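Each remark here refers to the structure printed beneath this line.
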Amino acid sequence: MTSYLRASTRPGANPKSSTGLTRALVLFAIVVNIHGRSVARPMLSRHSLLRTCAGVPPFLKVRVNPGATQTTESLMRILHTMLRVGNLERSVEFYTEVLGMRLLRRNDYPEGRFTLAFVGYGEESDNAVLELTHNWDTDAYDAGTGYGHVAIEVDDVYGAAEQIRARGGRIIREPGPMNAGTTILAFVEDPDGYPIELLGAKR
């Protein structure tokens with residue numbers, strides 16, 4: 001890999017640019033380790049490399065381990081889970097009033113005839129959230145057999161279930177130990193029939 005990281009400057013070139021080019025060339029030799037195998041990613045074009053001379057993209061972190069070749073690792077996180085809903089106002093009310101989330105943002109797309117609403121317990125910059133998608137011409141969906149559930153951590157499963165019930169939420173699995181285990185959980189159903197799991201915080 002070291003040959004990929006070697007930056008050369010032509011006679012008369014600005015030596016300060018070599019540092020930026022070297023940083024950009026790091027992207028030329030990105031190698032990730034997948035289950036013990038080194039897999040080289042496709043190389044970037046010269047044009048793409050020159051555009052990155054100001055610095056390595058923020059979603060990549062370059063690290064050097066003593067005695068090891070230079071590697072990179074992607075900084076990844078879950079942003080959101082998208083749920084299609086038949087009645088957006090009803091769903092936003094459920095997630096904010098019953099489950100205590102906040103409406104973070106909402107955008108209408110008249111040309112596409114749909115609206116997106118993002119709800120969650122914290123800002124999107126720091127937390128995974130739910131994206132509620134309302135297609136204006138569809139008022140119901142079939143969850144099918146592939147969808148499982150969204151899980152929410154609570155301090156007290158029994159207490160949370162009672163609070164949700166008092167706010168009009170429908171408990172579809174009463175609090176108690178999981179099947180073949182000891183973890184306490186419960187399930188509530190959202191207005192479109194999506195199961196929401198309540199799990200106690202691990203101590």
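Here are the numbers for this structure:
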{"quantity": "Residue pairs meeting the criteria (Cβ under 6 Å; at least 6 apart or on separate chains; first among the β-branched types (V, I, T), in region 88-103; second not in a helix (DSSP H, G or I))", "calculated": "V92/L103; V92/A117; T96/L103; V98/R167; V98/G169"}
{"quantity": "Single unsatisfied condition, A117 versus (1) loosely packed, with under 15 Cβ neighbours inside 10 Å; (2) free of Cβ contacts under 8 Å to residues at least 40 places away in the same chain; (3) under 20 Å from I78 (Cβ atoms); (4) under 20 Å from the mean Cα position of the chain (by Cα)", "calculated": "(1)"}
{"quantity": "Region 77-111 - residue that is closer than 17 Å to N135 by Cβ and of a type in the set (A, V, I, L, M) and, of those, surrounded by the most Cβ atoms within 10 Å (Cβ to Cβ)", "calculated": "V85"}
{"quantity": "Strands (runs of 3 or more DSSP E) contained entirely in region 132-203, each with at least 1 residues that are of a type in the set (G, A, S), surrounded by 16 or more Cβ atoms within 10 Å (Cβ to Cβ) and at pLDDT below 95", "calculated": "195-200"}
{"quantity": "Selection status of F94, under 24 Å from the mean Cα position of the chain (by Cα), at pLDDT 95 or above and of a type in the set (F, W, Y)", "calculated": "yes"}
{"quantity": "Selection status of F118, outside any strand (DSSP E or B), within 30 Å of G159 (Cβ to Cβ) and modelled with pLDDT of 95 or more", "calculated": "no"}
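The values are calculated or read from the model by the stated rules, or taken from the named source; none is laboratory data. Note that the structure is predicted; figures quoted are calculated from it, not measured. Quick reminder, even Gly has a Cβ in these numbers, built from the backbone with ideal geometry, and neighbours come from all protein chains shown.
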